[in-house]
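Colleague: This is the structure I have questions about; it appears just below.
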Amino acid sequence: GGKDDIIASVDTQTVQRESMQTLCPEVWLNDEVINAYREILNHRNADLSSPIHIFSSFFMTKILDDGRGYNYDNVRGWHRKVPGGDLFNLDMILFPVNIGGFHWGLVVVYMKERRIMYYDSMHRSGQQYLETIKRYIEDAHLAVK
């Protein structure tokens, strides 16, 4: 088949044949594969007694307004798309972070512990992403309470 053939789909997320090549060693993993897997995990997690939600890899780009700075309006309704429709009833929230188009990090919010962590295999601090997600949680809280 051709490189643009869709070889997998989960709800609205699709994966083209070419994107599967990003799973090979020493190849940059693209957002199409990450978002498809995220959708699979969100379906599985919807039935858990301790619900979690994984946001789209585009969330961080949107909330940081494509590098122009924090903009809650760009993601205002996203918190309603979580299991149960309430961000604050989740145990854990994950935010994949694309860094410079060549590396991935992950922000994890542990809601019950009220803790936000950043994970990065290159040991970067992720301070900008931690501050962004803290502010997002605060703004989402104001919007729903």
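The values are calculated or read from the model by the stated rules, or taken from the named source; none is laboratory data. Keep in mind that what you see is a predicted model, and the values were worked out from it rather than measured. Reconstructed Cβ throughout: ideal geometry from the backbone, glycine too, with neighbour counts over all protein chains shown. These area figures cover heavy atoms from the full protein model, side chains too; ligands, DNA and RNA do not enter into them. Shrake-Rupley method; radii C 1.70, N 1.55, O 1.52, S 1.80 Å.
Colleague: Being within 12 Å of the chain's Cα centre (by Cα) and either assigned to a loop (DSSP other than H, G, I, E, B) or surrounded by fewer than 19 Cβ atoms within 10 Å (Cβ to Cβ) (or both) is the filter here; which residues of region 42-57 pass it?
Modeller: PHE55, SER56, SER57
Colleague: Just give me the residues in region 97-110 being surrounded by 16 or more Cβ atoms within 10 Å (Cβ to Cβ) and either in contact with an Asp or Glu (Cβ under 8 Å, 6 or more places away or on another chain) or closer than 16 Å to GLN127 by Cβ (or both), in sequence order.
Modeller: Residues satisfying the conditions are VAL97, ASN98, GLY105, LEU106, VAL107, VAL108, VAL109.
Colleague: In region 11-41, what count of residues is obtained for those that are in contact (Cβ under 8 Å) with a residue 24 or more places away in the chain, open to solvent by less than 90 Å² (accessible area, probe 1.4 Å) and of a type outside the set (D, E, K, R)?
Modeller: Selection size over region 11-41: 5.
Colleague: To continue, here is another question. TYR118 is checked against (1) within 25 Å of VAL10 (Cα to Cα); (2) touching a residue at least 12 places away in the same chain (Cβ under 8 Å) and fails just one. What number does that condition carry?
Modeller: (1)
Colleague: Then there's this: Are any residues in region 63-92 modelled with pLDDT of 95 or more, outside any loop (DSSP other than H, G, I, E, B) and not aromatic (Phe, Trp, Tyr), and if so, which ones?
Modeller: Within region 63-92, ILE63, ASP73, ASN74, VAL75 qualify.
Colleague: Please pick out the residue among ASP91, ASP120, ASP66, ASP86 that is under 18 Å from LYS145 (Cβ atoms) and among the acidic types (Asp, Glu).
Modeller: ASP86
Colleague: Next question. Taking into account only those residues within region 59-87 that are among the aliphatic types (A, V, I, L, M) and in contact with a strand residue (DSSP E or B) (Cβ under 8 Å, 6 or more places away or on another chain), which is nearest to GLU138 (Cα to Cα)?
Modeller: LEU87
Colleague: Among the residues of region 124-145, which ones are part of a helix (DSSP H, G or I) and surrounded by 16 or more Cβ atoms within 10 Å (Cβ to Cβ)?
Modeller: TYR129, THR132, ILE133, TYR136, ILE137, ASP139, ALA140
Colleague: Assess whether ARG76 counts as being open to solvent by 30 Å² or more (accessible area, probe 1.4 Å) and without any contact (Cβ under 8 Å) to a residue 40 or more places away in the chain.
Modeller: No.
Colleague: Of the residues that sit in region 111-123 and are open to solvent by less than 90 Å² (accessible area, probe 1.4 Å) and outside any strand (DSSP E or B), which one is nearest to ILE52 (Cα to Cα)?
Modeller: Checked region 111-123; the qualifying residue nearest to ILE52 (Cα to Cα) is MET111.
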